[in-house]
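Notes for the one structure printed next.
The values are calculated or read from the model by the stated rules, or taken from the named source; none is laboratory data. Because the structure is a prediction, the values reported are computed rather than measured. Every residue, glycine as well, gets a Cβ built from its backbone with ideal geometry; the counts of neighbours run over all protein chains shown. Surface accessibility is based on the protein's heavy atoms, side chains included, excluding ligands, DNA and RNA. Shrake-Rupley method; radii C 1.70, N 1.55, O 1.52, S 1.80 Å.
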Amino acid sequence: MKKLFSLFVCCALGFGLSAQQLFFELSSGYNITAYEGSDYSDGVGFVPIRARLAGGFEHVQLGVEYNRDLTQPEFEFFDETTETLIGRQEFDNSYYGLFVRANLSSLPAYRFGVVLSAGAGFYDSEPRFVALPSGIEIPNTGLEPTIGYNFRIGISSPIYTILHWELGYQFNYVNFEKDGEGILLDPPFQPYYHSFQAGLSLNLVFGNVEKKCRRVINSNRSRRGW
């Protein structure tokens with residue numbers, strides 16, 4: 001499966017190198033868990049960092065993406081009798097995958113637009129349980145990386161020429177078939193989560209797309225008397 005994914009990545013990069021529009025984004029934001037299971041039913045926040053690179057046509061690009069947690073989601077557990085805190089379950093998450101992105105703007109590289117995105121790739125989650133108050137870390141068997149999916153909607157607008165700010169909401173769907181063998185982790189494990197993202201992107205245009213954009217921009221300036 002990973003070999004097939006690597007082949008898709010190489011095809012995506014090759015497609016990007018011959019593209020007439022390139023897109024690069026760095027972003028962060030705030031994620032909220034929607035983990036399945038009573039032990040993890042409370043929404044817990046954590047902070048990611050993400051990098052995306054894509055290339056393709058003016059309105060649609062295909063690319064690669066990498067996500068990593070800067071802070072981890074943490075779930076607290078209490079003694080049922082004394083109600084004292086006895087431990088904390090943490091999950092260290094990462095993701096790498098492919099995505100397709102569409103910008104519905106009339107000139108995506110230079111104007112405000114609604115952005116839609118869908119992706120698929122490998123989600124990796126390393127659980128660990130920290131016993132309190134000792135702080136001793138009880139090892140968990142790591143979950144095997146599994147394929148998951150994400151769907152995103154957002155907006156993009158220029159700050160200066162091809163430099164844009166982007167805001168978006170993304171839902172991440174992942175289902176680990178194999179559970180960890182450590183404490184407090186029951187199968188199946190479905191760590192869905194919501195992601196609210198803000199980032200900066202570069203939107204580079206080349207060839208016929210660049211010529212078209214210049215014609216439209218110059219035409220609008222002429223009509224306005226600039």
### Task
Could you provide, to the nearest whole Å², the per residue accessible area of the stretch 26-82 with probe 1.4 Å?
51 Å²
### Message
Just to check I understand the Karplus step: with θ = phi - 60° and J = 6.51 cos²θ - 1.76 cosθ + 1.60, what whole-Hz values come out for the stretch 125-135, glycine and proline as x?
### Response
9, 10, x, 8, 10, 10, 6, 10, x, 5, x
### Query
In terms of modelled amide H atoms, which long-range or inter-chain residues lie less than 5 Å from the amide H of THR146?
TYR123
### Two-site label geometry, GLU126 and LEU85: point separation in nm, points 7 Å out along Cα→Cβ
2.3 nm
### Summary
Note: LEU70 to PHE171 extended length (0.36 nm per residue) minus current alpha-carbon separation gives 34.5 nm
#### Entry: Residue-normalised accessible area of the stretch 127-170, expressed per residue, 1.4 Å probe, Å²
52 Å²
